[in-house]
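Colleague: The structure that follows is given in the form of structure tokens.
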Number of protein chains: 4
Amino acid sequence: LHASDIQKQLDRRRPGQSAISTRRSEKDRVILYSGLERDTTLGTPIMLLVHNEDHRPGDYAQMLSVPRPSHADYTYQAKFGIRAQSGGGRASARETIGRVCGGAVAEKFLSGTFGTEIIAWVSSVGDIQTPMPDIDTLSREIVDTTTTRCPDSSTAQRMEQLIARTREEQDSIGGCVMCVCRNVPPGLGEPVFDKLEALLAHAMLSLPATKAFEIGSGFTATTMKGSHHNDMFVKKGDGLGTVTNNSGGVLGGISNGEPVVFRVGFKPPATIGKAQKTADFTGKETTQEARGRHDPCVVNRAVPIVESMAATVLADCALRQQRRRQPAPPIQQQP
Amino acid sequence: LHASDIQKQLDRRRPGQSAISTRRSEKDRVILYSGLERDTTLGTPIMLLVHNEDHRPGDYAQMLSVPRPSHADYTYQAKFGIRAQSGGGRASARETIGRVCGGAVAEKFLSGTFGTEIIAWVSSVGDIQTPMPDIDTLSREIVDTTTTRCPDSSTAQRMEQLIARTREEQDSIGGCVMCVCRNVPPGLGEPVFDKLEALLAHAMLSLPATKAFEIGSGFTATTMKGSHHNDMFVKKGDGLGTVTNNSGGVLGGISNGEPVVFRVGFKPPATIGKAQKTADFTGKETTQEARGRHDPCVVNRAVPIVESMAATVLADCALRQQRRRQPAPPIQQQP
Amino acid sequence: LHASDIQKQLDRRRPGQSAISTRRSEKDRVILYSGLERDTTLGTPIMLLVHNEDHRPGDYAQMLSVPRPSHADYTYQAKFGIRAQSGGGRASARETIGRVCGGAVAEKFLSGTFGTEIIAWVSSVGDIQTPMPDIDTLSREIVDTTTTRCPDSSTAQRMEQLIARTREEQDSIGGCVMCVCRNVPPGLGEPVFDKLEALLAHAMLSLPATKAFEIGSGFTATTMKGSHHNDMFVKKGDGLGTVTNNSGGVLGGISNGEPVVFRVGFKPPATIGKAQKTADFTGKETTQEARGRHDPCVVNRAVPIVESMAATVLADCALRQQRRRQPAPPIQQQP
Amino acid sequence: LHASDIQKQLDRRRPGQSAISTRRSEKDRVILYSGLERDTTLGTPIMLLVHNEDHRPGDYAQMLSVPRPSHADYTYQAKFGIRAQSGGGRASARETIGRVCGGAVAEKFLSGTFGTEIIAWVSSVGDIQTPMPDIDTLSREIVDTTTTRCPDSSTAQRMEQLIARTREEQDSIGGCVMCVCRNVPPGLGEPVFDKLEALLAHAMLSLPATKAFEIGSGFTATTMKGSHHNDMFVKKGDGLGTVTNNSGGVLGGISNGEPVVFRVGFKPPATIGKAQKTADFTGKETTQEARGRHDPCVVNRAVPIVESMAATVLADCALRQQRRRQPAPPIQQQP
């Protein structure tokens, strides 16, 4: 494990990468304090630190009296009975830095042990849908060819225009991220409460601004008949694979060796420059216009975060399963 | 707490309630062994037992050599390296009995402490959608007026016809369950990993046959602009409420006092009577026709199960929050 | 795994085995409900049930107004704000049945995987000390040759006389249990909080009536110099062993392959027939004479319980370590 | 909460305070990164950092080939399959800095909420015993009047002489720390596995170099009769107290409002300058003389560490109990 393994993903998460995201220029340098010697983990805890070098609490002054609509100011007050002077406190999406760091370590373990590959991409912004890419060959390099992280360049262009327009309107827009995990060994996930899809849903819905999760056929499955939805078994390599993959790589909560495929829905960011008629903490009507630096759309920066949480979940499951029995190697896909 | 509090929900989950579900006649009587005296909990663990009185392992004989498509037979083999003689083992949906029992206890605590009310209903079967009911007045009695647990009787009729037709075809069909939780106190849910929606997603995706989850505006949010999606604050009772509820009752992972509203997608049951071309455990092509008693559609029986898991999650969160500070009473809705 | 593996230890724990223990005639038959087929575990949870067939709540009537001195009646009231009608509730030592059941399963895993052997014995009753047995050859058969479970028969006789005399006086007496775990693989226990000795101490002090725990040289170590206390390394088998074993089989919280040896101190049982001047729940002075059936000394029945908790701790640690790397085989002792 | 609350205890733990301990001059300055604003906790995680400013890995070079007797070098190798270049790695007692930091935060909560006071002292060094102090009036100021932290000055002098002599011999010596926790509210600790004494034993045996733990009468209880050992109840304040305190403040695993009193045994430090005949990692006989800076006796520095772990355990239990019901105020002691 090397700092660069982590830095690579942190750089993909960092704001200020392009015109479409926030202009804060955080550097987000990771420092490795402990748990490694000569790039080898010691088996003991790994301490990582990323300093916040561009902190401007002044931007958040108004929020002390007026809770931002659809943001956490009001509920933090309800939960903790106290208001942090600094912007957003624990609710700031800066906390995802830690997830990306941890996810990069998890990924290193997964790729080294099972050859697992995890690739997320922007599958929609507003009403604009990305055509389904070839999930067997998709790579982070392909995804990163556009600043929106949409692997189809003409769609990406339309998305960028929509985001630019939205920024001019001082508004924000939602979108979806899809993710494929290849070479996941069969046997990951627990039979009842900690099903693999349950852990993935937990992880994804724990990300800021997420509202929805589906695995495999997702909500589309609800309109289908069993005879069309069922994935028939067929010999693949030394084990079984399936002809279709409506299951999204999980059967009964346990990975079956096929690619794990899921989709996450992000709402439009709550903090917008546009004036909003709302109420202050005392209930008095007021108007709020957010200052500070905010993303009109978060999905392109969410791509490495989704990957990181997927890696964390899969690594946890793999470690649990290794306690039980060595997971079988994943089904080798035919070229 | 009385056994009848639990039995009521068990009876709603039980198969054999109507023509549309499986014909097994399980009685599912709950026995309370410990943790109570004179209907009062002692603060010590509550032991409940529900015997399985209609167990027919013979029905599951073929599965020992041929894994059912889109079922857990194959992945259990991969995970545990062993095959249970009895049908489905841990993967049987009979395990949801325990969830319903626990949920009924959680609900008793929530309703007694906060007046919380949890009501789920069938919101779609196949392509047939239930019109959105009035979630402020919806009750379990209203939901139970139809065997499909669709609160709109003419829609329910069409659903029953679809399910009957599907049964004749020896096939199965998917559907959705929606759920509203009223009088949830503000402050439930943790700031980062254990956000309320993350815990609900975990709980719902841990149920058999689920593929998708959304809270509040869900995937629809991904197509919206922030200025339309944001829920503006307004004075309600002693605190703040919101004019709209796209958030589905959570802000930053923490309940805001508005109704918690979410939707769960169920795939068509995997076990069907129709012949399926698949492979046996060795990879040899074969044809499978399931015997035994199976539901063509599970959503109406899933209704009390979804309610139970919601109650369990909310009770856990309320207990965590009580350790911190007494949650404020929920916002009183205007009549 | 077979029910008899569990029943054997339950029978050693059972009251009414001899003149020296309580006269309740509990049968303590274990029923295996799930998790096994043809004596093989399925990897899924194992459910065991032991019915209480000789329950006499009447014996406990006085305790409702007068808390037994040095018993849990008063603190349960403080903790739960409620008093159970039945004797002792959760504080009854009957709860150790569950520990013995779980321990027997853990032991089966340990002995099958590593050849681990766990043998406890009564090392003192009151002032009477058992001479140190040969811990390399001690067996449960040797321990069970006397009803006190003291492996030295002349000491055992004196102990029995002391216990009989104590019973006549309607009084009770304390004692110690020692335990040796042979063939524990090196590498068990975690570096910081969950050190092996910490987990053993936790497990033993969680048993009813325990007041003290020491591992290896224990309190004697506190009077020693490092140059005498240190256990020098020497080649044993393929790895290293130590010449002495003051460490009691753990170094830095991690097993080193030498026998794990520890001692647990049990206080005299609190419930005695002798009249005691105490106060009732309101603080009014009163006199209490316990009715019901109570042990004058618990250490001989504690022997299988101590073994069970040791097995549980070691199995947990072994599973944690298997997730990390396969533990090395334990040092083979020279005959 | 203020950094000085934490620094005070860190300074008591710091080496180089006096002639009797190690000569490393670590400064151990705590930096508070997050979780507070204007000395008030926000309810969110508190991040503390203490840099290691006097790190000399060279001192530990020999250990790479020769495991120190009675130290963790050998078992870390067995556990992790790797050797850290830096001294001791996770097994260094420097890790107790984190415990002291966390304990200081816990103590602030306990003293502010319940008036809890936690005072530990050196109760023996080698064979020299400290006479039992008055535990109702003992204070940290009294304990700190001697460098050995023995509250009896003439005993302290003899201890210092013994330690100085031991240092000259390049040897080390063991000792005991006792601890009293006053104003612990009744109701802390769980009925079965997480009994208060079990959690304290776990915490204390997780400290480096500990071999033994006893609560209240401890091993002495094993020689007593119930009629002498039982603590009779008597009215105290609004509740009940006990005449004696053989229980050490816990009944059935739950605090009863009386002072919690326990004792911890520390072995002589393993690392000594004196030559030791031992084996290297390959099993070859060799002689080891430790270089580097090491304490001949650790008990005086262990005093704040024991206090910190006690505070951590009590705070955890108090938070668990607050979830259940507000703990009653502790019994007011008569002056």
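The values are calculated or read from the model by the stated rules, or taken from the named source; none is laboratory data. These numbers were taken from a predicted model, which means no experiment stands behind them. Every residue, glycine among them, receives a Cβ derived from its backbone with ideal geometry; neighbour counts consider all protein chains shown. When the accessible area is computed, the model is the full protein with side chains, heavy atoms only, and any ligands, DNA or RNA have been set aside. Shrake-Rupley method; radii C 1.70, N 1.55, O 1.52, S 1.80 Å.
Colleague: Could you list, in sequence order, all residues of segment C:153-190 that are within 30 Å of C:K108 (Cβ to Cβ), within 14 Å of chain D (Cβ to nearest Cβ) and surrounded by 20 or more Cβ atoms within 10 Å (Cβ to Cβ)?
Modeller: Answer for segment C:153-190, where residues must be within 30 Å of C:K108 (Cβ to Cβ), within 14 Å of chain D (Cβ to nearest Cβ) and surrounded by 20 or more Cβ atoms within 10 Å (Cβ to Cβ): C:G175, C:C176, C:V177, C:M178, C:V184, C:P185, C:P186, C:G187, C:L188, C:G189.
Colleague: Another question about this same structure. Residue under question is B:A120, and the condition is that it be of a type in the set (A, V, I, L, M, F, W, C), more than 20 Å from B:M159 (Cα to Cα) and more than 14 Å from chain A (Cβ to nearest Cβ); does it hold?
Modeller: Spelling it out, it is not the case that B:A120 is of a type in the set (A, V, I, L, M, F, W, C), more than 20 Å from B:M159 (Cα to Cα) and more than 14 Å from chain A (Cβ to nearest Cβ).
Colleague: Determine which single condition A:F109 fails, assuming it passes every other condition in (1) more than 13 Å from every other protein chain (Cβ to nearest Cβ); (2) in a helix (DSSP H, G or I).
Modeller: (1)
Colleague: Report the residue count in segment C:210-230 for those that are surrounded by 24 or more Cβ atoms within 10 Å (Cβ to Cβ) and either free of Cβ contacts under 8 Å to residues at least 24 places away in the same chain or more than 8 Å from chain D (Cβ to nearest Cβ) (or both).
Modeller: 4
Colleague: Open to solvent by 10 Å² or more (accessible area, probe 1.4 Å), touching a residue at least 24 places away in the same chain (Cβ under 8 Å), farther than 27 Å from D:G218 by Cα and among the hydroxyl-bearing types (S, T, Y): is that true of C:T113 in this structure?
Modeller: The answer is yes for C:T113.
Colleague: What is the one condition in (1) more than 9 Å from chain C (Cβ to nearest Cβ); (2) closer than 27 Å to D:Q321 by Cβ that D:P133 does not satisfy?
Modeller: (2)
Colleague: So which residues in segment C:168-223 are under 15 Å from C:A311 (Cα atoms) and not hydrophobic (A, V, I, L, M, F, W, C), if there are any at all?
Modeller: C:R182, C:N183, C:P185, C:G189, C:E197, C:H202, C:S206
Colleague: Now for a different question. Which residues, counting only those in segment A:191-209, are of a type in the set (A, V, I, L, M, F, W, C) and either more than 8 Å from chain B (Cβ to nearest Cβ) or surrounded by fewer than 24 Cβ atoms within 10 Å (Cβ to Cβ) (or both)?
Modeller: Scanning segment A:191-209 gives A:V192, A:F193, A:L196, A:L207, A:A209.
Colleague: Could you please find all residues in segment B:106-138 being touching a strand residue (DSSP E or B) at 6+ places or on another chain (Cβ under 8 Å) and more than 21 Å from B:L200 (Cβ to Cβ)?
Modeller: B:V125, B:G126, B:Q129
Colleague: Listed residues D:T130, D:T155, D:T148; which is among the β-branched types (V, I, T) and farther than 21 Å from D:T210 by Cβ?
Modeller: D:T155
Colleague: Mind counting the residues in segment A:187-231 that are touching a strand residue (DSSP E or B) at 6+ places or on another chain (Cβ under 7 Å), within 11 Å of B:G265 (Cβ to Cβ) and part of a helix (DSSP H, G or I)?
Modeller: The qualifying residues number 4.
Colleague: So, one more: I need the full set of residues from segment C:63-75 which are open to solvent by less than 30 Å² (accessible area, probe 1.4 Å), more than 7 Å from chain D (Cβ to nearest Cβ) and either in a helix (DSSP H, G or I) or not β-branched (V, I, T) (or both), in order please.
Modeller: Hits for segment C:63-75 are C:M63, C:R68, C:D73.
Colleague: Looking only at segment D:120-150, filter to residues that are in contact (Cβ under 8 Å) with a residue 12 or more places away in the chain and of a type in the set (D, E); which one of those is surrounded by the fewest Cβ atoms within 10 Å (Cβ to Cβ)?
Modeller: Selected residue: D:D136.
Colleague: Could you check, for segment C:143-151, whether at least one of its residues is more than 25 Å from C:E258 (Cα to Cα) and under 16 Å from the mean Cα position of the chain (by Cα)?
Modeller: Scanning segment C:143-151 turns up at least one residue that is more than 25 Å from C:E258 (Cα to Cα) and under 16 Å from the mean Cα position of the chain (by Cα).
Colleague: Name the residue, out of B:V260, B:V234, B:V299, that is open to solvent by 10 Å² or more (accessible area, probe 1.4 Å) and either touching a strand residue (DSSP E or B) at 6+ places or on another chain (Cβ under 7 Å) or among the aliphatic types (A, V, I, L, M) (or both).
Modeller: B:V234
Colleague: Still on this structure, please answer the following. With the requirement that a residue be of a type in the set (F, W, Y) and open to solvent by 20 Å² or more (accessible area, probe 1.4 Å), what does segment C:265-296 give you?
Modeller: Result: C:F281, single match.
Colleague: Could you check segment A:9-60 and list, in sequence order, the residues that are crowded, with 17+ Cβ neighbours inside 10 Å, at pLDDT 65 or above and outside any loop (DSSP other than H, G, I, E, B)?
Modeller: Within segment A:9-60, A:Q9, A:L10, A:R12, A:R13, A:V30, A:L36, A:L48, A:V50 meet the criteria.
Colleague: Which one is farthest from the other protein chains (Cβ to nearest Cβ) among residues in segment C:78-106 that are buried (at least 20 other Cβ atoms within 10 Å of the Cβ) and at positive phi?
Modeller: C:G88
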